[in-house]
Amino acid sequence: MARKVLTLAEVRDGSLRNVSFEAIAAAKTIAEGGEVVSVLVGDQVQAHANELIFRGADRVVVVEHPNLKFYTSDGYSQALKAVIDKEQPEGIVFGHTALGKDLSPKLAIKLDAGLVSDVIAVEEAGGNIVFTRPIYSGKAFEKKIVTNGIIFATVRPNNIAPLERDESRSGSVEALAVEIKDLRAIVKEVVRKTAEGVDLTEAKVIVAGGRGVKSAEGFKPLQELAEVLGGAVGASRGACDAGYCDYSLQIGQTGKVVTPDLYIACGISGAIQHLAGMSNSKVIVAINKDPEANIFKVADYGIVGDLFEVVPLLTEEFKKLKVHS
Amino acid sequence: MNIFVLMKRTFDTEEKISIVNGKINEEGAEFIINPYDEYAIEEAIQVRDKHGGEVTVVTVGSEEAEKELRTALAMGCDKAVLINIDDDVEEQDQYTTAKVLAEYLKDKNPDLILAGNVAIDGGSGQVGPRVAELLGIPYVTTITKLDIADGGNVTVVRDVEGDEEIIETSLPLLVTAQQGLNEPRYPSLPGIMKAKKKPLDELELDDLDLDEEDVEAKTKTIEVFLPPKREAGKILQGEITDQVKELVQLLRSEAKVV
Ligand SMILES: Cc1cc2nc3c(=O)[nH]c(=O)nc-3n(C[C@H](O)[C@H](O)[C@H](O)COP(=O)(O)OP(=O)(O)OC[C@H]3O[C@@H](n4cnc5c(N)ncnc54)[C@H](O)[C@@H]3O)c2cc1C
Ligand SMILES: Cc1cc2nc3c(=O)[nH]c(=O)nc-3n(C[C@H](O)[C@H](O)[C@H](O)COP(=O)(O)OP(=O)(O)OC[C@H]3O[C@@H](n4cnc5c(N)ncnc54)[C@H](O)[C@@H]3O)c2cc1C
C-alpha cells in the first residue's frame, strides 16, 4: 500500500543533521512506493532543500519565518500542522533528537495519533509496518505496529542506514507561508557547552573516558585518539561527577544513548547505567587495568593495561594506518 | 500553588531482564519510582515550600503502585492519586496514559505539573508533552533549573543534547525533569510515619467519565525480545605494544570499523 510520508529535516550549526537522511530512508520503507516529502523549518533554511532531494526525498516543503529561528514546540508545531493539513500524509518520521522528542508528542495529540518513539529499525512484514525499539534502557527490544491512524515514528540517530547520495535526483521545492504566532515559551539564550564538530549521538567512533582518566588533563590523550579516528569524546558519569569533563559528554541511562560503529571505553568499569547508553554499539573496545572489570563482559576486544600507556600507542598506530592508506 | 507530579512506577533496570511467555518477566523484580520522576517530586516539594500550596502525586497503574505513591508522600507530597485502569483497558500505550491523566487533571486547575523526561522502562518520553497539549498549556522538556517569579513568570534552563537553553514562559506550565535539576531527598522516618495518614485516592476509568474507546491504544506491541548475547570478547595477550598492533589489525580486518 503506497503511502505519502513526511519527514522533518533538522539543521544544526548550518548543516543538515545525518538523522534527517536516516529519517528519509525510514520514510521510504513506510511509504512502500509512495511519495516522501521532507519538511524544512527555520529562519533561513531553503538552501538545504536540494541536499534532501539528493538523499532521497521526492519533494521538499520549506516553512520559513523569523519566529522559527529557535526551536519552540509552539512555533514548530504550527509550521508542521500547516504542512500536514495541506499534504495529508499517511506517515510521519522525525529524528529522535532533542527537537524530535520534544515536538512529536505534541503533534501526535494534535493529530489524535499514536507515536512510536526511538525506533532503531523499520520493516514491512505481513502487511504491517513493523518498528523495532529498545525498552528497559536497551536491555530488551519490542516490535510495534500502529493499529489506528497515521503512522508516526521517531528514529534514533545512527541506526537506520541512509540512502546513497545521488546528485542526479531532482524534485520540486515549495515554500509554504505560515503565520507563526503566540509563542508561549521563548528561547532567551542558548549557552553552547558542547564542542563544535562531531555530535556525540551521530559519531561513528566514540572514545569514552571514565574515572580511570583521573583528571581533566587526562582526557587529552583520548581527544587525540578521537581526532585521529574522526570521532567524538564521551564520558562515564564517574568522570563527569569527578569534574573531569562536562555533563554534556555523559553516556548512559541518565546521559546520552549512543550507537557508534566503534566505542572505545578507557578507564570505565562498565556499570549497568553506563552500559544502558552504549551496549548497542557495533564494536566495543575496553581498556582497563582491572581484568575483572565488568566492561570486558560486553567488549568485543579488551586490553588489560594502563590507559595512559595504551591510548597514546593506539593513536600512533592509527596514525600509521592513515599514512599507509 | 496547585502542583501535580506525574509519577510512573518502573521496573528497576538494574534488574536482570528475562522473558516469559513473550512478556518481560516481572516475577520477583524490584520496582522503583522512575528516577526522573524523583527529580520531579523533589522539585515539586521545593516549589511548594517556597511558594506555598499543595503537591499531588498522580500515577496511572496497578494496585502495586501504592507502594511508590507512599514513598512520594513520605518524601513530602501532600496527596496521592492512583488511577487504576487495569480492569477496564486491555491494550495501553502512551496515548492511553496521557488521555487518562489529562482527563483527571482538566478540572483541577493545575498551576504547575512536573513529570520525568522519560521512563527508563517504556522509554518514549511522550507522556509529559502529550498531557500538556491535551490541557492546552505550554511545556518545557528536560529542564535542569526552574525559577518561578511571584507574578507567575517562569525562567527555565533546558538541557538540549548538552547545550543549555534559557527559556521564558509562564504558569500554568508542565515541565519534564532532567538529571541535574536537584538532588532528590530520601524519605525521613517521620516522613514515612506521616505518609501513612496522608490521603491516597483510588480512581477507575468510570470515575473520570471515560469509556474504554476514548482511551483505546493507537499502537500495539507484537513482540518482545532480548538482544543477542554479546559473545564473550577477546582479551588480547602479550606485550602491550603488540596488543595495540593486534587490536588495530582486528578493528581493520575482522571488525572492519576503521
Ligand atoms: C540512577 C543512576 C543513574 C546513573 N546514570 C549513569 C549514566 O548515565 N552514565 C554512567 O556512566 N553512569 C551512571 N551512573 C553511575 C554508575 O553507576 C557508575 O557509578 C559510573 O558509571 C562509574 O563510572 P566509571 O566507570 O568511570 O568509574 P569507576 O566505576 O570508578 O571505574 C573506573 C575504572 O577505571 C579503571 N582504571 C583506573 N585507572 C586506570 C588506568 N590508569 N588505566 C586503565 N583503567 C583504569 C578501574 O579499574 C575502574 O574499572 C548512574 C547511577 C545511578 C544510581
Ligand atoms: C496494563 C498495562 C498494559 C500495557 N500495555 C502496553 C502495550 O501493550 N504496549 C505498550 O507500549 N505499553 C504498554 N503499557 C505501558 C504503558 O502504556 C506505558 O509505559 C506508558 O504509557 C508510559 O509510556 P513510557 O513508558 O514510554 O513513558 P514516558 O512517556 O517515557 O514517561 C515520561 C514521564 O511521563 C510520566 N508518566 C509515564 N507513565 C505514567 C503513568 N503510568 N502514570 C503517571 N505518569 C506517567 C512520568 O512522569 C514519566 O517520567 C502497559 C501498561 C499497563 C499498566
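The values are calculated or read from the model by the stated rules, or taken from the named source; none is laboratory data. Note that the structure is predicted; figures quoted are calculated from it, not measured. Note that we place each Cβ from the backbone using ideal geometry, even for glycine, and neighbour counts take in every protein chain shown. In case anyone asks, the SASA skips ligands and DNA or RNA and just uses the protein heavy atoms, side chains included. Shrake-Rupley method; radii C 1.70, N 1.55, O 1.52, S 1.80 Å.
Structure summary
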read-out: For segment A:116-206, convex hull of alpha carbons as volume per residue, Å³; value: 267 Å³
read-out: Shielding by partners - mean other protein chain Cβ count within 10 Å, residues of A:301-307; value: 5
read-out: Residue-level accessible surface for A:T194, protein heavy atoms, 1.4 Å, Å²; value: 30 Å²
read-out: Equivalent ellipsoid, chain A (semi-axes from 5 times Cα gyration tensor eigenvalues, Å); value: 38, 21, 19
read-out: Gyration tensor verdict on segment B:1-212 (Cα atoms; rounded if a/c is under 1.5, prolate if a/b is larger than b/c, oblate otherwise); value: rounded
read-out: Cα shape, the protein assembly as shown, gyration tensor, a/c 1.5 rule; value: oblate
read-out: Long pairs among A:K320/B:K256; A:K282/B:K245; A:K181/B:K220; B:K50/B:K198; A:K256/B:K16; B:K145/B:K197, criterion Cα-Cα beyond 26 Å; value: A:K181/B:K220; B:K145/B:K197
read-out: Calculated over segment A:1-115: convex hull of Cα atoms, volume per residue (Å³); value: 91 Å³
read-out: Label-point separation in nm, B:E168 to B:N109, each point 7 Å along Cα→Cβ; value: 2.7 nm
read-out: Peptide A:94-105, shielding by other chains (average Cβ, 10 Å cutoff); value: 5
read-out: Pairwise centroid distance, computed over Cα atoms, of segment A:224-301 with segment A:13-57, Å; value: 31 Å
read-out: Antiparallel DSSP beta bridges within chain A, percent to nearest 5; value: 20 percent
read-out: Cα gyration tensor shape of segment A:203-321, rounded if a/c is under 1.5, else prolate or oblate by comparing a/b with b/c; value: rounded
read-out: Interchain or long-range residues, amide H under 5 Å from B:V160's placed H; value: B:E165
read-out: For the pair A and B, total buried accessible area rounded to nearest 100 Å², probe 1.4 Å; value: 7000 Å²
read-out: Shielding by partners - mean other protein chain Cβ count within 10 Å, residues of B:8-21; value: 3
read-out: Computed FRET value (nearest 0.05) for A:E217 with A:D85, which takes r as the C-beta separation and R₀ as 56 Å; value: 0.50
read-out: Cα-projected label distance for A:A2 with B:Q237, points at 7 Å along beta-carbon direction, nm; value: 6.1 nm
read-out: Accessible-area value, B:H51, 1.4 Å probe, nucleic acids and ligands omitted, Å²; value: 60 Å²
